[in-house]
Amino acid sequence: MQGKTKLTVVASAVTAALAAVGLGACVEAQQGPQSQMTFFVTSVGMGKGADLGGLAGADQHCQKLAAAVGAGNRIWHAYLSTSATGGAPEVNAIDRIGRGPWQNAKGVVIATDILNLHGNNNITKQTNLTEKGAVVNGRGDTPNMHDMLTGSQRNGLAFPPDRDMTCGNWTKSGSDGAAMLGHSDRQGLTDDEVARSWNSSHASRGGCSQDALKSTGGAGLFYCFAVN
């Protein structure tokens, strides 16, 4: 009888362990590979050009997209700077995104820390993925969507207050204003440092509307980073 009892106990333990493994696998499958993601390009813009509802609206968009693919358990911020205005100080994109490291939806590390991100990082067309793990259309694709809203200089800092490169701190969608853009595919009309910049290549032309952004190869997309 003791032998049967021991066998029963062992069998129950094995069954419980297998059930736990199965449950873990099920949870992982539900979460998807993006559950460990800490960086992505928005798969869609907000539809109003560079009017993102300010930083709060952009952050909310990041959070919503991340949650849709199982990565909503992190705090997400948009990589955007704002200009000093009305007595409020400027906000630097570099100060909003945590310390890293950051990896895309496929688990590839795009930067180990702040210095690496703004230096010799691993951002390419193939690693600059959306939250769904898709490659963003770049130069040579139809339509080209490589212009990323950043409002930032190449070091991740905001522009001086006399240069509005944020479309009114992400509240404009008309024919006035401009936003600094980066190239998600690191390619441009020329093969130089400016054209290869992921965060500060050129300003939008013709204003801040959706059509203005499209005219130079954009769709109102931007970068999202997990702060924690």
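A full extension of the chain between residue 176 and residue 162 corresponds to an added length of 3.5 nm, given 0.36 nm per residue minus the alpha carbon distance. Each label point was placed 7 Å from the Cα along the Cα-to-Cβ direction; for residue 215 and residue 192 their separation is 2.3 nm.
Spin-label model, residue 44/residue 135: points 7 Å from Cα along the beta carbon direction are separated by 2.4 nm. Lys and Arg at +1, Asp and Glu at -1: add these up for the other residues within a Cβ distance under 12 Å of residue 204 and post the number. Result for the local shell: -1.
Checked against a 21 Å cut-off, the cross-linked pairs 172/214; 64/106; 106/214; 48/106 give Cα-Cα distances beyond that limit for 106/214; 48/106. Taking all protein chains as present, what is the carbon and sulfur share of the accessible area of the chain, in % to the nearest whole number, probe 1.4 Å? That share works out to 57 percent. Taking 0.36 nm per residue of sequence separation and removing the Cα-Cα distance, the residue 36/residue 120 pair yields an extension gain of 27.9 nm. Electrostatic tally near residue 97: other residues with Cβ closer than 14 Å to its Cβ, Lys and Arg +1, Asp and Glu -1, net 0. The calculated FRET efficiency for the pair residue 142 and residue 227, based on their C-beta separation and a Förster distance of 25 Å, comes to about 0.10. Helix 54-68 versus the longest principal axis of the chain: what is the Cα-based angle in degrees, 0 to 90, to the nearest 10? It works out to around 30 degrees.
Only aspartates and glutamates eight or more places from residue 125 in sequence, or on another chain, were considered; those with a Cα closer than 19 Å are 141, 147, 185, 191, 192, 193. When the helices of the chain are scored as -39500 (n - 2.57) per DSSP H run of n ≥ 4 and the total is divided over every residue, the value at 222 nm lands at -8000 deg cm²/dmol.
Quick check on the stretch 150-228: take the gyration tensor over C-alpha atoms, sort the square-rooted eigenvalues as a ≥ b ≥ c, and tell me if it's rounded (a/c under 1.5), prolate or oblate. It comes out rounded by the Cα gyration axes. Protein heavy-atom accessible surface, 1.4 Å probe, per residue over the chain: 48 Å².
Computed over protein heavy atoms with a 1.4 angstrom probe, the accessible surface ordering of 131, 90, largest first, is 90, 131.
How would you classify the stretch 70-218 from its alpha-carbon gyration tensor, with a ≥ b ≥ c the square roots of the eigenvalues: rounded for a/c under 1.5, else prolate if a/b is greater than b/c, otherwise oblate? It comes out oblate by the Cα gyration axes.
Would you please state which residues of the stretch 137-173 a label at residue 109 would reach in this model, taking the label point 7 Å out along Cα→Cβ and a backbone N cut-off of under 14 Å? The answer is none. Excluding residue 84 itself, what net charge comes from residues whose Cβ is under 15 Å from its Cβ, given Lys and Arg +1 and Asp and Glu -1? Counting the neighbours of residue 84, the net charge comes to -3.
The values are calculated or read from the model by the stated rules, or taken from the named source; none is laboratory data. These numbers were taken from a predicted model, which means no experiment stands behind them. For neighbour counting, all protein chains shown are included, and Cβ atoms are generated from backbone atoms with ideal geometry for every residue, glycine included. Surface areas here come from the heavy atoms of the whole protein model, side chains and all, with no ligands, DNA or RNA. Shrake-Rupley method; radii C 1.70, N 1.55, O 1.52, S 1.80 Å.
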